[in-house]
Structures are given as C-alpha cells and as structure tokens.
Amino acid sequence: MTEIRCVFTVIFIIAGLFFMTSSVIGILRFPDFYSRLHAIGLGQSLGISLCCIGLFIYQGFDTTGIKILLVMFVSMLAGPIGTHIVDRVAYKENAKNADEKEGSGC
Amino acid sequence: MLMSPILLEGAFLLLLIAITIVIIFGKDLLALTIIYCAFSFSAMILYILAGAADVAFTEAVIGVISTVYFIIAIKSISRRCK
Amino acid sequence: MNMDRNKDRKKIVGVFFVIAVVIGVFFLFPDLLPAVDDAKAPVHTYLSDYYIENSLEDTGAHNMVTAVLADYRGFDTLFETCVMFLAGVTALMVLSTTAKVTKPERSRKERLQISFGSTVLDIAFRIIVPVIVIYAFYVLVHGELSLGGGFQAGALLAIAYMIDRIIPSFNSSLGNLKEETAAVIAGVGVFIYILTGLLPMAGSGNFLEYGKLPFGADTAEQIRQLHGTGILLIEIGVVVCVMATIINILEVVLERTEFDD
C-alpha cells in the first residue's frame, strides 16, 4: 500500500463529497422545481462515481474491486433514469417555472 | 476522539430523533414519506455501525418497498394533514 | 387556529416528555442492560461459543448468520415464513370489502405494444430489470458465503416486478398477477419449506434434520454438503413466499386506488 495510492484515494473521495455537498446546497437554494431536479440529478451521479473510483484505487484490481466498478456502473445508469422519470411526471402535472405567477413549483 | 465510534453512533442516533420529530410535526404527507425513507436509511447506517451487515442489507431493500407502499396509499387520501 | 396551536403545543410537550423519560431512565440506572462487548453477559456465555467454533464444521457455511438462521434455528424460520404468508392473506381479507376501481380492458397484443412511455425509459428498463433479477439469484445462491439469504433475494425479485407494474401507465404493464394467484404462490413457498422438512423423515431422521436427507451420504464431507443442500432448498421456499407476499400486498392496494393516466 504505497503512499501515492492513499493520496489519490483521498483526492477522489474529497472531490466526490464536494460535488454531493454542492448538489444538496443547490436543492436548498434554487428557486424552482426544475432547477432543483437538475442539481440533484447531475450532482449525485457524479459524486457517487468519484467516490467509487477512489475506493477502487484503494482496493486494487481483485474481486472486490470489480464489484466496486459494477456498483459505479449501475449507479451511473440509475441516476439519470430516476431524474427522467420525475421530470416526466412533473411535466404532466404542470409544475410551474420560476418566472410564472403563483409561486414556485414544489 | 474526533472520529471515535461512539461519537459517530451518537450523531446518527440524534439524526434519528430529529427525523422522528419532523415526521410527527409535518403537514405535507407526500414529503413525509420521503423523509420516512431517510429514517430507514439512517437506521441502516446504525446497523452497519453495530456490526450486523445482513440486517443492514435487508433494511435497505425493505426501506425501498415500504416507501413505495406508503406513496401508493397516500394517493387515495388527501395530501395535506389536518 | 387556536385549537391547532393548543394541539400542537400538547404534542410538543408530550414528545419531549417521552424522550426525556427514556433517556433519563437509561442514564440514572446504568446497569439496566449489559454492555455490548461484555464477556460475562448471559447472551455470550451460553450458546455463542458453540456456534462460533462449530458452525463451519457442522454445516459447511462460512456465513454464520445463515447457518444459525437456516440450520440451527430452522424451525423458527419456518414460522417466520408462515407469518409472512398470513400477512399477505390478511391484507387480502381486510381490503376485500373496498370496491375495485374499474379500468378499461386491453388485449394482450395491445399491451405488448404500449411501452414505458418514452424511448429513454424503454431501453433503460430493458437493461436494469435483468441486472436486478441476476443480482437476486446471486444473493440467493451465495447466502452461505457472504451476505444474503432468502429474504433479501425475494424482496429484490419483488422490486423488479414492481418496476414493471408501477412505472408504465396503468393498464399496459406486461406482468399482471392477480392477488389470489399471488397468495396461492406464497402458500406454495411455505409448502416447499415444509417438504424440505419432511424429507429427512423418509431417511429415518427428525423433522428438518439435514444430515439424514435421503440423497445418499456416507462420509463426513458429504454430510456437510447435505447440510448445504438443505439450506439452499429452504431458501428457495423462503424466496418464493416473500416475493409472492410483497406482490400480493402491492396488487391489493393498486387495484383499489385511482390513477389518472
């Protein structure tokens, strides 16, 4: 377990946590439903993927490492799908934009 | 001392109590079901910290299923409490 | 508005009172419950040492939790599965007086053509649902080696069914199990469990004694593999029962709510 491996692991995990935290701050501060959805969908998928890459670098290339890569693959697949579904439902139920009257959406 | 296991477990237990208080005093039922999912998630973390990995895995799966049940059940009744 | 505030204030006082009482009891009497890693607690001195030392030789399962749940305490797991089956039947009985929501019927050919509603979802779910099913079977078969077992696998299969049932519009899902059929399948799951229990009696053993399954075993190594076979058969029964119960409760509630699409 060399030092370079630990340094890279820490760098990737901190980057992943930064993106996740910024997406959560985005939920609290954005004025409108669609912007908040955009913040979650992008931020969380990227954050989980970076954390998984960091753990894969720490673990090495054996069975557990390949399982970590599978987790990253499935999570990168499932994030945009979930965002797409919520978006379609909100479009059908007419969630309002921020520049129309009657307040913001949800 | 900053990252001792007791402190971590204490933090998650406080989170559990806070989520319960929010659920009791909340008014919008659909948002509360999502917070119920967060309750299930923090219970799962507590099971991992206690060392029971099988129970944590089961709790993760059952949390999803019970949240779906609650959302379907709320569809028939009104969305505001009281 | 005044009534609301009075009720809220009473609720706040009540909640904090309960929390204060519970925390106070556990701080004032610190010897009420034994510590978690106390070596002299009654939990640790009676049976745990036997399980920790002998479970690998007796059952051949590396995962001690599965060995205790499905082999040493198989009888308790049988009644746990029975309770799940009864929960499904009770949900069926309690909600049977509410009227079902009538929906327009569609033929099977029409149902096969209507899909999830957008191109992205079509392709995405044709990738994700097989991954979930394969993962469920992996968790079932590896119950003895790593985390897993019957309950988790059954819940995962039910999630795969739920995805197909809820996300498309109400009448155009492929999988369409009636609630009575799902209850019957749960009963079949419990029946598989009991059958695995009755088989050793044919080989002159007790109920649920895997060492005497009539599959022909002489040496100690083969008896250990018989234990593994018994655990796998039990887990198959549990998987069928859990999946059918979750689908049962889902169908019972879905048929009686109105969706506006």
Next on the checklist: Against the definition (touching a residue at least 12 places away in the same chain (Cβ under 8 Å) and among the charged types (D, E, K, R)), how does A:Asp62 come out, yes or no?
Outcome noted: no
Checklist outcome for this item: If you go through C:Leu92, C:Leu69, the only one that is within 27 Å of C:Ile249 (Cα to Cα), modelled with pLDDT of 85 or more and more than 13 Å from chain B (Cβ to nearest Cβ) is C:Leu92
Item to check | From C:Tyr51, C:Tyr46, residue being touching a helix residue (DSSP H, G or I) at 6+ places or on another chain (Cβ under 7 Å), farther than 22 Å from B:Leu49 by Cα and hydroxyl-bearing (Ser, Thr, Tyr) | outcome: C:Tyr51
Checklist outcome for this item: B:Asp28 meets each of (1) at pLDDT 90 or above; (2) open to solvent by less than 40 Å² (accessible area, probe 1.4 Å); (3) more than 10 Å from chain C (Cβ to nearest Cβ) with one exception, condition (1)
Next on the checklist: Condition first: closer than 20 Å to C:Gly148 by Cβ and either in contact with a His (Cβ under 9 Å, 6 or more places away or on another chain) or among the polar types (S, T, N, Q) (or both). Now tell me which residues in segment B:41-82 satisfy that.
Outcome noted: B:Thr58
Item to check | Scan of segment C:187-222 for residues that are surrounded by fewer than 19 Cβ atoms within 10 Å (Cβ to Cβ) and hydroxyl-bearing (Ser, Thr, Tyr), ordered by number | outcome: C:Ser204, C:Thr219
Checklist entry - Picking from C:Val240, C:Val184, which residue would you name as being open to solvent by less than 40 Å² (accessible area, probe 1.4 Å), among the aliphatic types (A, V, I, L, M) and part of a helix (DSSP H, G or I)? => result C:Val240
Item to check | Lone unmet requirement of (1) open to solvent by less than 70 Å² (accessible area, probe 1.4 Å); (2) part of a helix (DSSP H, G or I); (3) more than 21 Å from C:Leu95 (Cβ to Cβ) for B:Ile48 | outcome: (1)
Next on the checklist: So, B:Val55, is that one over 13 Å from the mean Cα position of the chain (by Cα), surrounded by 15 or more Cβ atoms within 10 Å (Cβ to Cβ) and among the β-branched types (Val, Ile, Thr) or not?
Outcome noted: yes
Next on the checklist: Restricting to segment B:70-82, name every residue that is more than 7 Å from chain C (Cβ to nearest Cβ) and either at pLDDT 90 or above or open to solvent by 40 Å² or more (accessible area, probe 1.4 Å) (or both).
Outcome noted: B:Phe70, B:Ile71, B:Ile77, B:Ser78, B:Arg79, B:Arg80, B:Cys81, B:Lys82
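The values are calculated or read from the model by the stated rules, or taken from the named source; none is laboratory data. Computed from a predicted model, the values in this text were never measured in an experiment. In this analysis, Cβ positions are derived from the backbone assuming ideal geometry, glycine residues included, and neighbour counts consider all displayed protein chains. All accessible areas refer to the heavy atoms of the entire protein, side chains included, with ligands and DNA or RNA removed. Shrake-Rupley method; radii C 1.70, N 1.55, O 1.52, S 1.80 Å.
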